[in-house]
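Structure first, then comments.
Each value in this text was obtained by applying a stated rule to the coordinates, not by laboratory testing. A quick note: this is a predicted structure, and the numbers were derived from the prediction, not measured. Because the Cβ atoms are built from the backbone with ideal geometry, glycine has one as well, and the counts that use them run over all protein chains shown.
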Amino acid sequence: MTTATSTLPLRDRILAETVKILGTEGPAALTVRRVAALSGCSTIGVYTHFGSKSALVDAAIMEAFAGLDQALAPIDELHGVDRLLRGAHAYRDWALAHPLEYTVMFAPSITANDASDASAERGGLSLVDHVARTQDAVDRGELTGDTETIARSIWSQVHGWVMTEILQADPGRVAPTSAARAEFDAGVRAVLAGFGATTSVDRAPMVDAPRRAAVAPASPYVDLDRDAWTRLSASTPLPLTDADVERLAGLGDPIDLAEVDAIYRPISRLLDLHIEATRGLHAASSTFLREDVGGTPFVIGVAGSVAVGKSTTARLLRELLARWPATPRVQLITTDGFLYPNAELERRGLMERKGFPESYDRRALLRFVSKVKAGRPEVRVPVYDHLTYDILPGREIVVNRPDVLIVEGLNVLQPARPTAEGTSNLAVSDFFDFSIYVDARTSDVRRWYVDRFLALRKTAFARPESYFHRYAALTDDEAVERAERIWDSINQPNLVQNILPTRSRATLVLTKDSDHAVERVRLRKL
Ligand SMILES: Nc1ncnc2c1ncn2[C@@H]1O[C@H](COP(=O)(O)OP(=O)(O)O)[C@@H](O)[C@H]1O
Ligand SMILES: CC(C)(COP(=O)(O)O)[C@@H](O)C(=O)NCCC(=O)O
């Protein structure tokens, strides 16, 4: 941090001095007394703002990551390899301008000993968005290989390079030269080329970048910005009203009729076309086989992170599809009904892994969809209750040969697990006729999760039977801390390890901006 700290508010002054000490002398030199003296306050002042020395270290790490995230935000206007290259430069530019913060974020002597698990792991989690950006380049056919390997190779190149530049300079003072920038650029391009990048990456300044790429030549997807998507179904009527939309919107998911009109009306039209075509295919098969192969429900999977707004998407689709004359009977189920009950999760040591693939009775879920698809009547689904955080004993939803079944859940796009013999099982998604992945930046979803947790304190948590009732009385700060802990320890690792990697399997990907509005739609065309 190069700015003079004396004019900053006390909290920022304390953090700045902490970063200086940690970044130049290491954690052994950090004492609350010293930070207080340098910040011009008493030790009580430090404790009042941060509570403890380790909380101070945590705050220094977390704030530094927030700064880096902010510096990287503009590249999310871009796509593919272009975004990865520009991201690498934005990352290096920030790190070299904040060498002490960068040291605090990544020096193992600090993160391994003096930070809490959450902030020590924050470095790993910062890879999440990078992995998602890499996945985008792979999905577009601009890079070839395993996404995780490519993402790690790019990051190792960038991080290793930046750390060397910082260590070679005087503490806190890096003077980047254009020669160093050119060398760095060549190094990152070499890594990208090693994974098959052929796209010529232009050097125009970031602000001039096109908002959206049209279609990558080898990509199996068509990628449309919001306006282009909306124009696709100009003549389809919108059968919902403001009141319908208000009724269907999930907590913290600010959707309105304009958004439904712009985004969901075209989806509903596209689905109607798919349903019609699928029925035509069945009729053709019947003619060929000279027997009636029978109708079967059209099954749609809706996947995405916890708190991304899958439920709102699924409910809107149910409502819109039911208004098409060919599909009046639309049912919606969520996969949480197939979570093992808490007692079973406890027995398996999985209470902290609710939502991970292994926390579900996957065989029961597979049996369920295959029965539905086979046209069986009265197929039953257990019911999960968010309030008690458990399966409701004896309660069931009956799925009775609907025209359309929507299956919503975190893991619905998981590929099949290999059997012990090395052959492949079927996966739930093998029974889908269409699938939708609701996507957003991980940092935005984290914020939505925390905001929803805060809002739930006054509603669901306030009820004595709520599993989270003990959180109803928390102060704002305590509730934020609690929600972030659940997010960082359960939901984000699940997103990164299990959910995000399934995104490219979806027929349609809806990418939301930080205000929940869908900014981009990607449709599989091949
Ligand atoms: N602890 C909770 N108490 C009550 N309702 C909850 C709780 N957590 C989530 N919900 C509700 O459950 C639904 C599903 O949430 P989630 O699985 O996070 O999916 P999404 O937000 O993507 O729809 C949402 O309507 C949400 O408001
Ligand atoms: C119930 C869920 C696993 C979602 O299940 P889904 O319907 O997506 O299969 C999730 O909302 C959840 O409660 N996760 C556990 C961690 C948490 O309390 O946020």
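Given the options Thr230, Gly187, Ala64, identify the residue whose Cα lies farthest towards the positive end of the charge dipole of the chain (+1 on Cβ of Lys, Arg; -1 on Cβ of Asp, Glu).
Thr230
Between helix 53-72 and the chain, what is the angle of the helix's C-alpha long axis to the longest principal axis, kept within 0 to 90° and rounded to the nearest 10?
60 degrees
Rg(Cα) of the range 312-452 divided by 2.2 N^0.38 Å?
1.12
Compute the signed sum of charges (Lys and Arg +1, Asp and Glu -1) over the other residues within less than 11 Å, Cβ to Cβ, of Pro297.
Net charge in that neighbourhood comes out at +3.
Can you tell me the mean projection area, over all orientations, of the convex hull of the range 246-320's alpha carbons? Units nm², please.
5.9 nm²
Quickly rank 345-354, 332-341 as a protection proxy: mean count of other C-beta atoms within 10 Å, highest first.
332-341, 345-354
Working from Cα positions, state the angle (0 to 90°, nearest 10) between the long axis of helix 147-168 and the longest principal axis of the chain.
Long axis of 147-168 versus the principal axis of the chain: about 10 degrees.
So in the chain, what percent of DSSP beta bridges are antiparallel if you round to the nearest 5?
Counting only bridges with both partners in the chain, antiparallel ones make up about 50 percent.
Please work out the C-alpha center-to-center distance from the range 392-465 to the range 471-503 and express it in whole Å.
If you average the Cα positions of each part, the centres end up 16 Å apart.
Could you please tell me the mean projected area of the C-alpha convex hull for the chain, averaged over all directions and given in square nanometres to one decimal?
With the hull built on Cα positions only, its mean projection is 28.6 nm².
Hey, got a sec? Which GluC sites (Glu not before Pro) in the range 248-309 land in a DSSP loop and have at most 13 other Cβ atoms within 10 Å?
Of the GluC sites (Glu not before Pro), the ones in loops of the range 248-309 whose Cβ has at most 13 other Cβ atoms within 10 Å are Glu291.
Compute the separation of the alpha-carbon centres of the range 354-390 and the range 309-326 and state it in Å as a whole number.
That distance is 20 Å.
To the nearest 20 Debye, how big is the dipole of the chain about its Cα centre, given +1 on the beta carbon of each Lys and Arg and -1 on that of each Asp and Glu?
880 debye
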